[in-house]
1. T17 versus K131, label points 7 Å from Cα toward the beta carbon: distance in nm?
2. Defining a contact as two alpha carbons under 8 Å apart and six or more residues distant in sequence, what relative contact order in percent does the chain show?
3. Which one is right for this structure if Cα extents along the principal axes in Å is calculated from it: [x] 39, 33, 22; [y] 50, 38, 25; [z] 48, 48, 21?
4. Can you find, among V62, I23, G46, the residue sitting farthest towards the positive end of the charge dipole of the chain, where Lys and Arg contribute +1 and Asp and Glu -1 at Cβ?
5. Karplus couplings for the range 62-69 from phi (6.51 cos²θ - 1.76 cosθ + 1.60, θ = phi - 60°), rounded to Hz, Gly and Pro as x?
6. Quick check: the angle from helix 37-51's long axis to the longest principal axis of the chain, C-alpha only, nearest 10 degrees?
7. Relative contact order, percent, of the range 1-65 when contacts are C-alpha pairs under 8 Å separated by at least 6 residues?
8. Using 24 Å as the Cα-Cα cut-off, could you pick out the over-long pairs in K72/K107; K58/K131; K102/K131; K22/K131; K29/K85; K58/K102?
Amino acid sequence: MNINIKWLEDRNFKGTTKDKEKILISPTKNLDGYISPPDLLLMSLGSCTGLFIMPAAKELGVSLKDFDISVKGSKSNNPPKLFEKITISATFIGDLSQKEAKEILEKSHQRCFVLHSLDPSITIENEIIIK
């Protein structure tokens, strides 16, 4: 895994993946086309969790039609304003029980390297919705 971060100006950057995909990064709010570093972290966590949802459902023999993940981070008011709590909301679409949904999300969390890379003092909460 290899990425490059190029300083553009002020506090703005261009990230480039090994496959030459580009993303604009800035902490400046409402800067069109840019994503903030904390938003990128939450997106990484959500997409990493999502990578393992369907395999976990299949492993458990659950017919899952679709899913959606929403991730919300709450930061400390004190500098350096680190995340104190992250809530991962998973909406599962299919014929499954709350217990099965919880097992799927737990298996996904076990495999998510981004989640395991976070500071262990961050409170991680899960919300599950079944449709």
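1. 2.6
2. Working: 207 pairs, mean separation 26.9, N = 131.
That works out to 21 percent.
3. Here the calculated entry is [y].
4. I23
5. After applying 6.51 cos²θ - 1.76 cosθ + 1.60, I find 9, 8, 9, 7, 6, 7, 9, 10 Hz.
6. 30
7. On the way: 61 pairs, mean separation 10.5, N = 65.
Relative contact order of the range 1-65: 16 percent.
8. Working: K72/K107 20 Å; K58/K131 18 Å; K102/K131 14 Å; K22/K131 35 Å; K29/K85 21 Å; K58/K102 14 Å.
Long pairs (Cα-Cα over 24 Å): K22/K131.
Since every read-out is calculated from the coordinates, none of them should be taken as a lab result. It should be emphasised that the depicted structure is a prediction, and the values quoted were computed from it without experimental measurement. Cβ atoms come from the backbone with ideal geometry, glycine included; neighbour counts cover every protein chain shown.
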